Amino acid sequence: EYWSYGFQFRADDGMGYVVVHSKTSMGGNWDLTYRWDAPVASTGSVITYGTASNLKMNAGDSNKLGLMVIDDVGVLYLNDQKVSELNLTSIPGAGTTGIATGFYAGEDWEPDGTLTEFEDFSVWSLGD
């Protein structure tokens, strides 16, 4: 079964999210998406996606995921390596930040109730 986890950010009326996942047939193993109506998944549109060659995908592996956001620019990090710079002009404003799993649904994806452990989750403000 496939899995997915990542960050939700600038969540207010809309929401941006960066997801890493194990289904490489989707054209890569990470994507940046914007939902103009945060609670409604069908309002999401993929802004960009790619492949991180250092994503660990074996049972028992862990990954260190990082996201830095300054104004209209984001940087995605995976296992202490820069994966991509992200254009965030279509994800405006401020909002809450969080972590989540199970971004995708369907019979091929992790079933409801699947446990994903997170460690050392932190959010920093880089100032005004």
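Just give me the residues in the range 40-79 being out of contact with any Phe, Trp or Tyr (no Cβ under 7 Å at 6 or more places or on another chain) and of a type in the set (S, T, Y), in sequence order. Correct list: S42, T48, T51, S53, S62, Y77.
Filtered by the rule that a residue be β-branched (V, I, T), open to solvent by 30 Å² or more (accessible area, probe 1.4 Å) and farther than 19 Å from V83 by Cα, the range 1-52 gives a lone residue, V40.
Scanning the range 86-104 for residues that are free of Cβ contacts under 8 Å to residues at least 60 places away in the same chain and either closer than 29 Å to E1 by Cα or open to solvent by less than 50 Å² (accessible area, probe 1.4 Å) (or both) yields a total of 0. Here G113, G127 are screened, and the one residue that is open to solvent by less than 70 Å² (accessible area, probe 1.4 Å), assigned to a loop (DSSP other than H, G, I, E, B) and at pLDDT below 85 is G127. Residue count for the range 53-67 satisfying the condition of being within 19 Å of N87 (Cα to Cα) and either free of Cβ contacts under 8 Å to residues at least 40 places away in the same chain or of a type in the set (D, E) (or both): 1.
Contact annotation: residue pairs with Cβ atoms under 9 Å, 6 or more positions apart or on different chains, pairing a residue in the range 13-42 that is touching a residue at least 24 places away in the same chain (Cβ under 8 Å) and on the phi < 0 side of the Ramachandran plot with a partner that is exposed (fewer than 12 other Cβ atoms within 10 Å of the Cβ) and in a strand (DSSP E or B), are Y34/S45.
The values are calculated or read from the model by the stated rules, or taken from the named source; none is laboratory data. The model shown is predicted, which means the values in this text are computed figures rather than measured ones. Counting neighbours? That spans all protein chains shown, and the Cβs are built from the backbone with ideal geometry, glycine included. The area values use the complete protein model at the heavy-atom level, side chains included, leaving out ligands, DNA and RNA. Shrake-Rupley method; radii C 1.70, N 1.55, O 1.52, S 1.80 Å.
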